[in-house]
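The values are calculated or read from the model by the stated rules, or taken from the named source; none is laboratory data. Please read these numbers as outputs of a predicted model, since none were measured by experiment. Cβ placement follows ideal geometry from the backbone for every residue including glycine, while neighbour counts extend to all protein chains displayed.
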Amino acid sequence: MAQQDSTNGGNGSMQPDDEAQVTIVAQYIKDLSVENPSTPQVFQWQVQPHLDLQFNINVETAAEDLHEVVLKMEVTARSENGVHFVIDLSYAGLFAIRNAPGEALQPFLLIEAPRMLFPFVRQIIAEAVMNAGFPPLLLDPIDFAQAYMQQVQAAQQQTPQQEQVEGDAEAPQKEPQPQ
């Protein structure tokens, strides 16, 4: 019989206490809304709808070392005839994170956690669209890292502008001189 390496826990049970650890405690639908406002006429329309996809990521601390990440997606299909369907989904994951460096926590919660949730969101939306009477909608993957970097860059650009605006607001006003 082969000897087993006692330093390799296999399932993570033997990890050192100071190593970063992430566990998905739970995944769940927080809110799901399916609107089919133009039925039954929509099934007679011969036009291809335009899809609009919006997403948002919300992170809340549920307890010490426990974070809820909510991936909210709204998909609207509309054409010149009207709205075909609207799917609004908030899908959450509860992540236990221990010993993670502070600078790694936000990127994990806003990039990696949504990336882990996305396949489930994609499946729920595909089934919801299908259950509304339409062909399943398979969403393309989302580059959460790029979205995070754009948000960081926008925040960095906004900060100097805000300081300038705040600086202008605090500048003393000159009173008009009588002539």
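Under the condition of being exposed (fewer than 14 other Cβ atoms within 10 Å of the Cβ) and of a type outside the set (S, T, N, Q), which residue from the range 36-53 is farthest from I142 (Cα to Cα)? Outline the logic, then answer.
Start the filter on the range 36-53 by keeping residues that are exposed (fewer than 14 other Cβ atoms within 10 Å of the Cβ), which leaves 37, 39-41, 43-44, 46-48, 50-52.
Those still in the list that are of a type outside the set (S, T, N, Q) too: 37, 40, 43, 47, 50-52.
Working: P37: 27, P40: 32, F43: 30, V47: 27, H50: 18, L51: 15, D52: 14 Å.
Looking at residues that are exposed (fewer than 14 other Cβ atoms within 10 Å of the Cβ) and of a type outside the set (S, T, N, Q), I get P40.
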*Taking the residues in the range 76-109 that are without any contact (Cβ under 8 Å) to a residue 60 or more places away in the chain and either charged (D, E, K, R) or part of a loop (DSSP other than H, G, I, E, B) (or both) as candidates, determine which candidate is nearest to Y148 (Cα to Cα).*
E103
*Looking at L138, L94, which is the one that is among the hydrophobic types (A, V, I, L, M, F, W, C), over 30 Å from N36 (Cβ atoms) and either touching an Asp or Glu at 6+ places or on another chain (Cβ under 9 Å) or surrounded by fewer than 17 Cβ atoms within 10 Å (Cβ to Cβ) (or both)?*
L94
_Failed item in (1) at pLDDT 95 or above; (2) in a strand (DSSP E or B), with A113 passing the rest_ = (2)
